[in-house]
Amino acid sequence: MDPLKQLFHEKATAQRNKIKTMLKEHGELVVDQVTLGQIYGGARNIKSMVWETSDLDSELGIKFRGYSIPELRDLLPKGTDKKEPRPEGLFWLMLVGEVPTVEQVEWLTLQWTHRSNVPEHVFKVLDTLPETTHPMTQLIIAVTAMQSESCYARRYDEGLHKEEYWDPTYEDVMNLIARLPRVAAYIYRRSFHGGNHIAPNIQLDWAGNFAHMLGFDKADFRSLMRLYLTIHADHEGGNASAHTSHLVGSTLSDAYLSFAGAMAALAGPLHGLANQEVVGWIYKMLDALGTRTPTKDQIAGYVKATIDAGQVIPGYGHAVLRQPDPRFMALKDFAEKNMGHDDVVQVVWDVFETVPPILESLGKVKNPWPNVDAHSGALLIHYGLSEFNFYTVLFGVSRALGVLSQLVWSRALGFPLERPKSVTTDWALEQIAKHTAATATNHA
Ligand code: CMX
């Protein structure tokens, strides 16, 4: 057994026993209540699943195994330029709950390099699609095509003891993560560079090699990729992509199908596609205003026009966060440290000053602050990755680290089929009638 798998097995066995004892003693403890508003309102804040890899605080933002993004930028082993953390380190942390050493991260990089060979049929499947197919659609198709490689599906078919589910799931997760950069880069190069593909450089780390295969070899861009792929990795379990992978995985579907489901959710404009929407919205604004350097008053006018047209301001608001997203702040910090003046980045910063008071003035937006998607695109444009309908694929490659490490946990902890209860409006009206009658009796 490899050292990471061994460590995971020890941790997961201990956690499984801990949960068993906890539920035996306290399984009936009531910890929350649910309102009709929550049932109709997208299940906000209803606690209904366990997600071990990260936790989202509405004020402080995401914590991966208890560590904030600024802490991880400091603590995790970095790329060769010593600037930003290598996403391999975050995967290790999420999987086993320990900050890895440099040697452990080196080992993981090598593991993923060894496992990174993408089966030929996946490229063939992609090549049958029109180049104009949305890159997220291509990603979902490619990941689904790779399902033929699932160790878990094969072993389940042969007859696998349920205590063993986690083992081939770990193998699938390691293989899928190792292959994703190659698949994503292939999609990028066939969609936007006439199929002029770039061979992997196996000397590079996971993010560095991804940047290389995309066609960007500047050290700063590699550094940005390390940061980008680290900060998008996980956002606890309730967000749409994570929750989808959890739901699909709970049917004992394998890692490939669970991740393909997650990507279908990420491809929605209220979720991951917002990173593409932000850049589209900025370009439309610049076109409409006839300038690349709009004033804050001009931006405010365009923001109000967008809202009046019944549209959302992409990159702003969040279902959980109630402060500027620390992922947005990390990208802003990267831009401040690594870039000179950039018109588009400046627009993003001016939008940051302009939008929150306008959203606040509407009196209904719970979080007027930017989320990660408000900033990420401008940095990619700066380095020349300007094809913005590819951006959600980058988000997806990163999100694999979180949702797939959790999938190994879900298998190891023996989580059951997810099956919450739905209700009808007649049921809701009945509850109100019962409550009204009971209140009237109490007051009589
Ligand atoms: N612009 C305009 N209106 C907004 C808004 C925004 N950015 N964010 C919220 N609102 C509106 C909602 O549309 C809703 O209006 P109605 O009551 O008329 O339907 C009202 O404010 C209340 O919404 P909320 O409770 O504050 O927000 P939700 O939890 O329902 O939705 C989110 C959260 C992210 C979908 C929403 O803020 C939004 O649409 N933002 C823009 C899209 C975006 O950036 N998505 C990316 C999120 C991060 C990610 O997953 O990657």
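Readers should treat all values here as calculations from the given coordinates under stated rules, not as data from a laboratory. These numbers come from a predicted model, not from an experiment. Here the Cβ positions follow ideal geometry from the backbone for every residue, glycine too, while neighbour counts run over all protein chains shown.
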Note on the stretch 265-306: residues surrounded by fewer than 17 Cβ atoms within 10 Å (Cβ to Cβ) and either among the β-branched types (Val, Ile, Thr) or within 30 Å of Leu407 (Cα to Cα) (or both) are Gly268, Pro269, Leu270, Thr291, Thr293, Thr295
Does at least one position in the stretch 183-194 carry a residue that is among the charged types (D, E, K, R) and in contact with a Lys or Arg (Cβ under 8 Å, 6 or more places away or on another chain)? no
If I filter the stretch 368-377 for residues that are among the acidic types (Asp, Glu) and surrounded by 20 or more Cβ atoms within 10 Å (Cβ to Cβ), do I get at least one hit? yes
Going through the stretch 205-222 in order, the residues found to be buried (at least 20 other Cβ atoms within 10 Å of the Cβ) and more than 15 Å from Ser398 (Cβ to Cβ) are His212, Met213, Phe221
Scanning the stretch 22-41 residue by residue, those within 16 Å of the ligand (Cβ to nearest atom) and either of a type in the set (Val, Ile, Thr) or loosely packed, with under 11 Cβ neighbours inside 10 Å (or both) turn out to be Thr35, Gly37, Ile39
Among Thr53, Thr80, Thr113, Thr101, the single one that is touching a residue at least 24 places away in the same chain (Cβ under 8 Å), buried (at least 19 other Cβ atoms within 10 Å of the Cβ), of a type in the set (Ser, Thr, Tyr) and closer than 30 Å to Asn209 by Cβ is Thr53
Within the stretch 402-444, residues farther than 18 Å from Ser250 by Cα, within 35 Å of the chain's Cα centre (by Cα) and in contact (Cβ under 8 Å) with a residue 60 or more places away in the chain come out as Val423, Ala428
- Query: Looking at this structure, is Ile19 within 16 Å of the ligand (Cβ to nearest atom), at negative phi and hydrophobic (A, V, I, L, M, F, W, C)?
  - Reply: no
Gln138 fails exactly one of (1) under 25 Å from Pro168 (Cα atoms); (2) in contact with a helix residue (DSSP H, G or I) (Cβ under 6 Å, 6 or more places away or on another chain), namely (1)
With the first residue restricted to the stretch 258-272 and required to be touching a residue at least 12 places away in the same chain (Cβ under 8 Å), and the second required to be among the aromatic types (Phe, Trp, Tyr) and near the ligand (Cβ under 9 Å from one of its atoms), Cβ contacts under 6 Å at 6 or more apart or on different chains are Gly272/Phe395
